[in-house]
Structures are given as structure tokens and as C-alpha cells.
Amino acid sequence: MSELLRVLFVCASIACMPGTHAQQAVSTPRADGALTPLMVYDAQGASCPPLALVSPGAGGSEKGLAYIGDALSERGWRVIVMGHQESGMEALRSDMRRAGFHRGLQDLVADPNAYRGRFMDIDAALKWSEQRCHAPFKALIGHSMGARTVMLEAGAQNSLGVHVKNLFDAYVAMSEPDADGVFPSGAARNITAPMLMLTGTRDETIDHQGYQVRAKSFDELASKCAWLGVVDGATHMNFAGGGFAKETETDVLALTASFLDALHAGHCVHPPTLSGVRITTK
């Protein structure tokens, strides 16, 4: 089995992994009438907690990235992991059948329609949460295609015709994109919001380039509060909870919680020192 096919089956299995804490599966209508599936992890005892929306990668679903939902909800956050029908497993399989895995995945992550769906999902999830209470602080977290979604929402230049909304107070991009057909060189230079970027030394791009090309986006950021964490040995799918991911998950959670909790409290702080993680700040 090729490495790319292994990634697909790992992704499919991750989407079926249940979380270990209280969660609620709901669906909510979006602007075009379709339903957006949500997995909600609510903070216990909080009347109106800060909100973290989570956007999975291509082929993922609202059932994935449960380790983030579990951990942040325990720290007092409402976490909502979104499903994205235009770029979920069925969409990925369809593109695979049409063009093969490698080309199909490339086509999906560059599909304007897929991002239009993702942004309708974000709007629907925000509306669902807002109907319950007005969150005092909002963050958008994404992995892989979800990280692309994060960069677009934060204001990255792009070829998709996506217009900036800047609806969030902070952003977390795991396996952030490199310059490609969607993001030109210098695409992140207009991003001013606080941004945490996370990658790993084995986090290759679709076309098998090393993690260093992902890290270039960090240098372009205009953010006055930004961290870049490079986790030794972490693969692309480790950030989604796949493979032997426990150490990567621990590092992701330590950095994400430190970053978001401090910003929610009104501060930009120095990151924690973590063994096996190289951290750059600005």
C-alpha cells in the first residue's frame, strides 16, 4: 500500500474515533439550506465560555480531532468541530476515482466550491453557538485543508476569490500551506491577527516537500503576536491524531492552550519550553 493510501485509511479511521468526554452531535442549517454537522464539546459549568471552532482536513469529519475538543473543553472552552460535506470523505473519494489520489487531493484542496462550503459551515457554526450565548473570545483552529481555511479567513492572499471576514480573535494553523496555486508567495503578509502555526519535521506537503516550505508562511506574517512550533518527528497525520500521535498531541495541546488562554486573558506571552519542539516567536 502506498504512503498516500495509508494516509487515506488513517484519515478514515480517525474520523470514527470517539472522544473520551461529553460531546453532542448536532446539525444546523447553513445559508444554502444544507445542514452542517457539528460535534460540540461544552465546558462544564461555564455560562458563556470562549469558543474554538475546529476545521478538519480533506477527508475528515466532525468526528475527528477529538483530542482538541476534549482538552480545550476541560480548560473552559466550548469547542465545535465542523464537518465539511464538499471536502469530506465522499468528496475525496470522488476526486480519487476521477483523477487518482495524488491529483484528486490536489484538486480538492484547490477547489473554490469546497471553500465556499467551508465558509458557510463556519457561519452556520457561529450562528448556532451565538444562539446559545455571545462568546467573549473566538478562535479558529484547522489542520491541513483546515489550516488553509484558517489562513484564508485570517486574510491570506489567494487565487480563489475568497474575501476576508476576520471573524476570530486568534487562529491556529496545523500543517499550514506553502506557496502554491492557491497561495502566492507572500500570501500571509496581510495577516495581522494572532496566529499559532504548527508543523513537524516529518510533515511533508502533498508534493513531498519538507516541512521547511510550510514554515515560510510564518516569516511573512504581519501579526504582532505569533508562534511557530516545529515538533521533532511529527508527521502530517500525527496532528490529526493518526499514527503514534500521543507525543505530538501533547505538544499541540500545550502550545494551543497556552496561546489561546493567554490571548483570551488579554496578553501575548512567551511560549512554554517543550522538549523536542523548536519555537519561534514574533
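Some values worked out for this structure:
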read-out	value
Stokes-Einstein D (µm²/s) once Rh is taken as the Kirkwood radius of segment 68-185 over alpha-carbon pairs, at 4 °C in 1.567 mPa s	85
Extension gain (nm, one decimal) between Arg132 and Ser27, 0.36 nm per residue minus Cα-Cα	36.3 nm
Dipole axis of segment 226-282 (+1 Lys, Arg; -1 Asp, Glu on Cβ), positive-most option in Thr281, Leu255, His236	Thr281
Trypsin sites (Lys or Arg not before Pro) restricted to segment 124-200 and DSSP loop, no more than 16 other C-beta within 10 Å	Arg132, Lys165
Full-extension gain in nm, Arg98 to Gln209, via 0.36 nm per residue minus C-alpha separation	37.5 nm
Residue exposure sequence - Met39, Met96 - by fewest surrounding Cβ within 10 Å	Met96, Met39
Segment 3-281 - charge dipole about Cα centre, Lys and Arg +1 at Cβ, Asp and Glu -1, debye rounded to 20	260
Axial C-alpha extent at least 20 Å, average Kyte-Doolittle at least -0.5 - helices from the chain (DSSP)	246-264
Amide proton proximity set for Ile191, modelled H, under 5 Å, gap of 5+	Ala222
Pairs of alpha carbons in segment 3-281 whose separation is greater than 24 Å (percent)	43
Relative contact order of the chain, pairs being alpha-carbon contacts under 8 Å that are 6 or more residues apart, as %	15
Cα→Cβ-extended label distance, 7 Å offset, between Lys282 and Val164, nm	1.4
Pairwise FRET efficiency - Glu74 versus Cys48, Cβ, R0 = 22 Å, nearest 0.05	0.80
Given charges at Cβ of Lys, Arg, Asp, Glu: segment 79-219 dipole, positive-most of Val213, Gly155, Ala114	Ala114
Residues listed by number, segment 82-103, amide nitrogen under 16 Å from Leu35 label point at 7 Å toward C-beta	82-86
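Each value in this text was obtained by applying a stated rule to the coordinates, not by laboratory testing. Computed from a predicted model, the values in this text were never measured in an experiment. A quick note on method: Cβ atoms are made from the backbone with ideal geometry, for glycine too, and the neighbour counts reach across all protein chains shown.
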